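Below: the structure, in structure tokens.
The values are calculated or read from the model by the stated rules, or taken from the named source; none is laboratory data. Fair warning: this is a prediction, and the values are worked out from it, not measured in the lab. Cβ coordinates were reconstructed from backbone atoms using ideal geometry, including for glycine residues, and neighbour counts include every protein chain displayed. Calculation scope for accessible area: heavy atoms of the full protein, side chains included, ligands and nucleic acids excluded. Shrake-Rupley method; radii C 1.70, N 1.55, O 1.52, S 1.80 Å.
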Amino acid sequence: MAQYARGSTVAVIRLCNPPVNALSRAVLQALEDGLKKADADPSVKAVMICGENGKFSAGADIRGFSSPERSGGALGPIVSLIESSEKPVVAAIEGVALGGGLEVALGCHYRIAHMKARMGLPEVTIGLLPGAEGTQRLPRLIGVPAALEMITTGKHIPATEALKLGLVDEIVEENTIEAAIRLANKVIGQPLGPRRLSLKPVPKLPNMEAFLDKALVKVKKQAWGCLAPELCFQAVRAATERPFAEGVRRERELFQVLLSSGQAQALQYAFFAERAVRRWATPSGASWSSAAPQPVRKAAVIGLGTMGRGIVTCLVKANIPLVALEQDLENLNKGRKAVMVLLEREAMKMEGGAQTLDFHNPARLQFTVDFDQLRDVDLVIEAVFENMALKKEIFHKLSKICKPGALLCTNTSALNIDEIASATNHPQQVIGTHFFSPAHVMRLLEIIYGRHTSPTAIATAMQLAKALKKVGVVVGNCFGFVGNRMMFPYIQQAVFLLEEGSRPEAVDQVLEDFGFKIGPFRMSDLAGLDVGWRSRKDQGLTGPSLPAGTPARQRHGQRYSPLPDLLCEQGRFGQKTGRGWYQYEKAGGRTATPDPWLLNFLSQYRDTHGIKTRFIDQEEILERCLFSLINEGFAILAEGIASGPEHLDVIYINGYGWPKHRGGPMFYASTVGLPRVLAKLQKYSEAHPDVPGLRPSAFLKKLVAVGNPPLKEWMSYLSQQSSKL
Ligand SMILES: CCCCCCCCCCCCC/C=C/C(=O)SCCNC(=O)CCNC(=O)[C@H](O)C(C)(C)COP(=O)(O)OP(=O)(O)OC[C@H]1O[C@@H](n2cnc3c(N)ncnc32)[C@H](O)[C@@H]1OP(=O)(O)O
């Protein structure tokens, strides 16, 4: 709701809907009532609108968009009501003014903001556009280029930038409310016409058409299949071409298109899923509500390879004092140089911002080869390469050297956390922290608890994720954890499709058209084919430990494709060697082009193994890759490795390039319909009975049998039925 209070001349309307004063139906009604009350009271000469608890408003209540009585519709007329008031209305912006919150402020005649406030129109990030006349008022206030940038990217801008753009009239360091009341008193009686944005023309550009055409190309390029940025653009273009009222009509039409699009629903689901995973729980009953994190005053990173360098960079950016350790001076110096390059780059990006990076001070970032320097750290992140024996040796050492309460994290993408923990005297303090490369860029942190990991350790790792500005997702211990375990069947299907007749570029194209930034073969080339090869050799699937006489295309009675191994045997490791599934301009090159050698190689391979080449259509490519990945997701949920489908979706969106506007793999499955996913898996499984990844999981079958319930109910069926699965 909103509280109304009357001072001697200025009426105060305070938006109240904790925690972020989202504009629910009740808030909007109270705002409208307050405005009408102020208008009717002759002793009120001006109005000030602010938000409770130091936050103006985070915009429309996002949950309202998916409720049967959608709440957004009433906001535009209220913004108009504010603007048409005959008494000056001042917005006092503290904390955030986002989306509908900023649109309310744009209806006000004056805007005053606190230094630390942030403003933005982030509707595009939840699949919408600023549908309360914001696409028409903002360009009139700050010009088309700046408005377009804010509306099509959704970025939040600090008050200082808002002042430069002319979005606010004044910024203050002290009490914003008092300053706003002073301003309101000062402007009483001044003409309001020039302050009404709907009456202003959109500032002209000498080359508006050319500017807009160029901007549209950029918007489309960045949108990557997402509808909202382009429709945001169209709404702003309408502001440049039509009078205000007609622009508003166009904005409403476009808003309706987005509101009813599946993309908006997917993006709003993703917004809440990211917040839901913060409330972690484990099958043993530990949870966020009862576990408290321990403070991390000093940390250490072991290993300064690619991952270690990125992790050091994240910790320095989070302002955590740090010891970086390597095994010898040569590697230490190499690592230190690379870390410094990364940190210099980060410092440049932050230049002019409020924060600076303090990385030349040895008290904050120390490089060493001496394990003894780790005695006083609160947390260690081991980031050496994926070798169990090496990791165990390091953890054994850590267990002796580190202080008793120190949290011992291992950065691994697949190895068994319990086995690593078995090398220490404190297995309750051992936890997996799976960073994604480049670690200082990627938002995901998969946090893996082992059999003995304490709730405090999980809470501390989650707190660390927050400090590093990452999305932490707590999952159980199994080979590949959640992300990579779901990735295995996806990659496997992609390779099987090549065996059967497809080409890398055809498979990649289908998945890139779906919305992945990069298809499976381009991704494998980027990551390096040798990584998987080493792992398969360690598992005895290929290489010298493979028993003589093992059939080339079978392992443990299941279908196996030796194609990736054969490529590695030819020295084709991907981008790093200039050849992989594609060819590149040089070793380390980035431009993938189809390689005639590979086509020839595939054709010979099929001849050797008696495989009849067939045409594989786009539907089959998409379904076999995605449904096998989703199928593994259902198995993961049934085993209790993740506590809900949101966890899997957040992992895929933030760590694996899954298109956010499709909401994550499990959300996508719910939109396709579980009966269809099941029927297709059954069909493909019958055609490929030796591929376990295509055999529908018991949990998926169960959900279809109980009538395809909505995603948020899935887990309830699991707890009732798990004994039967
Ligand atoms: C048929 C009818 C239609 C008619 C159509 C015709 C006309 C159409 C007119 C429609 C007009 C509508 C136009 C307006 C649209 C909007 O305003 S959309 C919303 C835009 N705002 C946002 O996207 C902001 C989202 N929030 C954030 O970015 C962050 O939450 C924050 C505000 C920056 C705060 O961050 P932080 O401090 O990290 O806290 P969080 O954990 O993220 O959030 C705290 C809790 O608050 C919940 N929450 C946040 N914002 C909203 C919101 N806008 N609505 C609902 N809930 C919100 C968040 O989920 C957290 O809660 P928990 O999940 O319970 O933890």
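Here are a few things to note about the model shown:
- Using the Karplus relation 6.51 cos²θ - 1.76 cosθ + 1.60 with θ = phi - 60°, the per-residue 3J(HN,Hα) values for segment 576-586 come to 4, 9, x, 8, x, 6, 10, 10, 10, 4, 6 Hz, with x marking Gly and Pro.
- Per-peptide average of other Cβ atoms within 10 Å, ordering 90-102, 697-709, 132-144 highest first: 90-102, 132-144, 697-709
- Antiparallel DSSP beta bridges within the chain, as percent of all bridges there, nearest 5: 30
- Cross-link pairs exceeding 20 Å between alpha carbons, from the set 680/702; 87/186; 45/186; 164/317: 164/317.
- Surface composition of segment 604-679: carbon plus sulfur atoms contribute 48% of the solvent-accessible area (1.4 Å probe, protein chains only, all chains present).
- Taking Cα atoms only, the orientation of helix 504-514 departs from the longest principal axis of the chain by about 30 degrees.
- Between residue 400 and residue 186, the FRET efficiency from the beta-carbon distance, with R0 = 60 Å, is close to 0.30.
- Taking 399, 260 and ordering them by how much accessible surface each has at a 1.4 Å probe, largest first, produces 260, 399.
- Mean projected area (nm²) of the alpha-carbon convex hull when segment 299-475 is viewed from all directions: 9.1
- Computed over segment 618-722, the convex hull of the alpha-carbon atoms projects to a mean area of 6.5 nm².
- Each residue of segment 2-259 gets 114 Å³ once the volume of the Cα convex hull is shared out per residue.
- Sorting the segments 682-689, 530-537, 206-213 by their mean number of nearby beta carbons within 10 angstrom, highest to lowest, gives 530-537, 682-689, 206-213.
- Karplus 3J(HN,Hα) series, Hz, for segment 694-703 with 6.51 cos²θ - 1.76 cosθ + 1.60 (x for Gly, Pro): 9, 6, x, 6, 4, 5, 4, 4, 4, 5
- Long-range amide H partners of residue 300 with built H, under 5 Å: 323, 379, 380, 381
- Amide H within-cut-off set for residue 172, under 5 Å, with H built and near neighbours excluded: 113, 114, 115
- Across segment 204-220, rounded Karplus estimates of 3J(HN,Hα) from the backbone phi angles (6.51 cos²θ - 1.76 cosθ + 1.60, θ = phi - 60°) give 7, 10, x, 10, 3, 4, 5, 4, 5, 4, 5, 5, 5, 4, 5, 4, 5 Hz, Gly and Pro being marked x.
- DSSP bridge orientation in segment 401-522 - percent antiparallel, rounded to nearest 5: 40
- Over the C-alpha atoms of the chain, the Rg to Rh ratio, Rh being the Kirkwood estimate, stands at 1.01.
- Angle in degrees between helix 25-40 and the longest Cα principal axis of the chain, rounded to the nearest 10: 20
- Segment 652-725, accessible area per residue, ligands and nucleic acids excluded (1.4 Å, Å²): 44
- Rounded to the nearest 20, the Cβ-based charge dipole of the chain about its Cα centre (Lys and Arg +1, Asp and Glu -1) stands at 380 debye.
- Centroid-to-centroid, using Cα positions, segment 577-595 and segment 171-214 are 53 Å apart.
- Solvent-accessible area per residue, Å², over segment 299-475 with all protein chains present [probe radius 1.4 Å]: 42
- Eligible lysines near residue 220 by straight Cα distance, threshold 23 Å, same-chain separation 8 or greater: 155, 517, 660
- For residue 48, the residues whose modelled amide H falls within less than 5 Å of its own, excluding neighbours fewer than 5 places apart on the same chain, are 11, 12, 13, 90.
- Mean sequence separation of contacting Cα pairs (under 8 Å, at least six apart), scaled by the length of the chain, corresponds to a relative contact order of 9 percent.
- Highest to lowest packing among 503-515, 284-296, 367-379, 557-569, scored as the average C-beta count within 10 Å: 503-515, 557-569, 367-379, 284-296
- Within a straight-line Cα-Cα reach of under 17 Å, residue 470 can be paired with the following aspartates and glutamates, leaving aside sequence neighbours fewer than 8 residues apart in one chain: 274, 346, 446, 646, 649.
- Distance from segment 447-487 to segment 648-682 (C-alpha centre basis), Å: 21
- Rounded percent of accessible protein surface that carbon and sulfur make up, segment 109-185, 1.4 Å probe: 53
- Rolling a 1.4 angstrom probe over the protein heavy atoms with all chains in place gives segment 2-259 an accessible area of 42 Å² per residue.
- Separation in nanometres of the label points that stand 7 Å from Cα toward Cβ, at residue 290 and residue 241: 6.1
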